[in-house]
Amino acid sequence: MKTTPLTDIHIALGAKMTDFAGYNMPISYTSLKEEHLAVRQEAGIFDVSHMGEFVIRGKGALDLIQKVTTNDASKLKLGQAQYSCMTNANGGIVDDLLVYRLPENMMTNGEDAYMLVVNASNIEKDWNWISQHNTFGAEMINISAQTGLLAIQGPKAIAAIQSLCTIDLQQLRYYTFAKSDFAGQDNILISATGYTGAGGVEIYGRNEQIVSIWHEVFNAAKKVGIDLKPIGLGARDTLRLEKGYCLYGNDLNDTTTPLEAGLGWITKLQKGNFIGSDVLIKQKEEGVTRKLVGFVVNDRRVARHDYLIENEQGEEIGKVTSGTLSPSLDQPIGTGYVHTPYAQEGTSFFVSTGRKKLEAKVVKLPFL
Amino acid sequence: MNFPADLKYTKEHEWIRVIEGNIAYVGITDFAQSELDELVYVEVETIGETLAKDEVFGTVEAVKTTSDLFMPVSGKVLEFNPRLDESDGDDPTLVNADPYGDGWIIKIEMTDLTELEELMDAEAYSNLVE
């Protein structure tokens with residue numbers, strides 16, 4: 001199994017570890033609920049160094065990114081990031097990702113440069129996919145193995161770490177980023193992004209910098225009286241689901257399109273051709289036949305990935321893609337694809353556990 | 001982790017406590033509840049049934065996963081802990097908080113006491129999980 005620079009530290013902290021996308025990762029340190037609520041109410045730090053990072057730079061960089069992604073990267077200013085998707089020729093999602101437009105003096109080599117942040121489970125697939133479509137002569141560098149990533153999230157995350165850098169983190173707007181010294185380390189990318197909806201930043205650095213940053217962040221939080229906790233992937237999943245953020249492999253895959261997944265807002269069909277755009281334009285005109293919806297379950301039992309969704313007549317109308325007990329709402333919540341007529345808010349259907357049918361109702365996303 | 005010496009244990013992480021004669025309580029171990037993390041639901045629909053050793057008598061659901069519960073010995077299911085039954089508005093997290101006490105899951109009437117001898121004692125069980 002692969003490790004991150006912090007794997008030994010997680011084990012020493014007594015974390016429950018799990019194989020996630022081939023990496024030995026912490027699933028929780030104390031309890032999922034406690035960690036979840038810590039991020040909602042105070043602050044938490046996640047090691048997400050397993051994520052993949054590619055730098056794409058040089059003359060053809062923007063053309064290549066425009067061809068493989070659905071959002072309009074030409075709108076990005078220096079120091080800005082956007083959420084995007086890569087789609088295949090059928091409009092199915094190859095991966096969801098962040099695209100950063102790097103400022104000068106940051107791996108730019110004096111040229112236009114971008115960083116793509118992709119899911120750990122898809123690093124190899126994405127790399128091959130983008131390489132295969134690089135007919136623009138863009139320079140591609142896979143920095144995944146050398147790059148560490150910490151997410152520091154929660155309403156008090158910024159206050160916890162402000163003393164570690166000179167830039168004013170409060171002024172860093174959502175989906176922008178800056179290069180700075182941080183916790184005594186140089187060339188750190190501080191990004192006002194995250195997967196929790198709780199506020200905070202994500203911090204990219206070289207592997208050898210990450211352990212020291214991890215410790216300094218705890219020290220800094222302590223000095224200002226903020227109870228920062230380490231958070232595992234279990235709570236990362238419940239935090240993202242409460243906010244209706246999609247998880248690749250659960251809610252998104254090579255057969256689901258961004259329009260079906262509710263990602264029309266990052267699918268810029270007007271920007272010009274990209275892979276799959278013809279199919280997506282047609283799908284938009286004709287309307288999607290299924291949609292990803294959020295639902296709440298009128299039970300204590302949890303709707304889980306791949307459980308079938310049925311109408312009152314017991315006919316299959318869809319499938320659950322994600323489900324959990326929401327720690328904030330103390331109610332089971334989930335997402336799934338259903339036939340479009342059942343996607344309207346307030347529609348009731350049943351989730352079949354195999355033995356039981358759970359009553360569920362479509363609600364607007366996010367849940368929280 | 002706590003594994004009381006007066007209980008017997010299974011490799012599926014159930015414990016059994018004989019209270020008198022052939023009557024016993026069954027639950028899941030401290031290790032099991034810790035691995036599962038917060039329980040959200042405990043389901044037992046076998047009350048009144050006589051089940052063989054290793055048969056499924058119920059399920060527990062945690063936030064991340066669902067897990068079957070197995071009979072440590074053969075016997076009749078007499079009672080499901082009413083404090084765990086969420087349909088009554090009660091609290092399955094009792095299993096997390098007190099796995100060997102208030103968080104017991106079923107009360108059974110054992111049909112073959114010799115099966116107890118096949119189960120692990122606290123030391124053997126702690127060697128298995130630690």
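Remarks
- Number of positions in segment A:28-60 that are among the aliphatic types (A, V, I, L, M) and closer than 15 Å to residue A:9 by Cβ: 2
- The residues of segment A:222-249 that are β-branched (Val, Ile, Thr) and more than 13 Å from the chain's Cα centre (by Cα), listed by number, are A:224, A:226, A:231.
- In segment A:306-357, the qualifying residues are those that are among the basic types (Lys, Arg) and more than 28 Å from the chain's Cα centre (by Cα), and the one that is farthest from the other protein chains (Cβ to nearest Cβ) is A:357.
- With respect to the conditions (1) within 13 Å of residue B:129 (Cβ to Cβ); (2) touching a helix residue (DSSP H, G or I) at 6+ places or on another chain (Cβ under 7 Å); (3) of a type outside the set (D, E, K, R); (4) within 14 Å of chain A (Cβ to nearest Cβ), residue B:28 lacks only one, and its number is (4).
- Members of segment A:1-17 that are over 22 Å from residue A:222 (Cα atoms) and buried (at least 16 other Cβ atoms within 10 Å of the Cβ): A:4, A:5, A:7, A:16, A:17
- Filtering A:357, A:284 for residues that are surrounded by 14 or more Cβ atoms within 10 Å (Cβ to Cβ) and within 30 Å of residue B:45 (Cα to Cα) leaves a single hit, A:357.
- Qualifying position, being among the aliphatic types (A, V, I, L, M), out of contact with any helix residue (DSSP H, G or I) (no Cβ under 9 Å at 6 or more places or on another chain) and more than 14 Å from chain B (Cβ to nearest Cβ), among A:167, A:190: A:167
- Search result, residues across segment B:17-32 that are among the β-branched types (Val, Ile, Thr) and buried (at least 22 other Cβ atoms within 10 Å of the Cβ): B:26, B:28, B:29
- Meets criteria (in the same structural domain as residue A:258 (by TED's automatic domain parsing), touching a Ser or Thr at 6+ places or on another chain (Cβ under 7 Å), surrounded by 15 or more Cβ atoms within 10 Å (Cβ to Cβ) and assigned to a strand (DSSP E or B)) for residue A:309: no
- Checklist (1) crowded, with 23+ Cβ neighbours inside 10 Å; (2) farther than 19 Å from residue A:141 by Cβ applied to residue A:82, failing item: (1)
- Looking across A:291, A:271, A:282, one residue alone is within 28 Å of residue A:327 (Cβ to Cβ) and among the basic types (Lys, Arg). It is A:291.
- For the condition touching a residue at least 60 places away in the same chain (Cβ under 8 Å) and among the hydrophobic types (A, V, I, L, M, F, W, C), residue B:71 does not qualify.
- All conditions in (1) buried (at least 24 other Cβ atoms within 10 Å of the Cβ); (2) more than 14 Å from chain B (Cβ to nearest Cβ) hold for residue A:206, with the sole exception of (1).
- Condition check for residue A:352: surrounded by 15 or more Cβ atoms within 10 Å (Cβ to Cβ) and within 19 Å of residue A:240 (Cα to Cα): no
- Every residue from segment A:173-195 that is assigned to a loop (DSSP other than H, G, I, E, B), closer than 18 Å to residue A:43 by Cα and not polar (S, T, N, Q): A:174, A:183, A:192, A:194, A:195
- Of the residues making up segment B:36-53, those that are of a type in the set (D, E, K, R) and either in contact (Cβ under 8 Å) with a residue 40 or more places away in the chain or buried (at least 16 other Cβ atoms within 10 Å of the Cβ) (or both) number 4.
- Test: residue B:34 is in a helix (DSSP H, G or I) and among the hydroxyl-bearing types (Ser, Thr, Tyr): yes
- Consider segment A:269-305 and keep the residues that are in a loop (DSSP other than H, G, I, E, B) and within 14 Å of chain B (Cβ to nearest Cβ). The one that is farthest from residue A:351 (Cα to Cα) is A:300.
- At least 2 residues being under 28 Å from residue A:279 (Cα atoms) is the threshold, and among the strands (runs of 3 or more DSSP E) wholly inside segment A:1-90 those reaching it are A:52-57, A:81-87.
- Residues of segment A:30-79 that are of a type in the set (Ser, Thr, Tyr), within 14 Å of chain B (Cβ to nearest Cβ) and touching a residue at least 24 places away in the same chain (Cβ under 8 Å): A:30 alone.
The values are calculated or read from the model by the stated rules, or taken from the named source; none is laboratory data. The model shown is predicted, which means the values in this text are computed figures rather than measured ones. Every residue, glycine among them, receives a Cβ derived from its backbone with ideal geometry; neighbour counts consider all protein chains shown.
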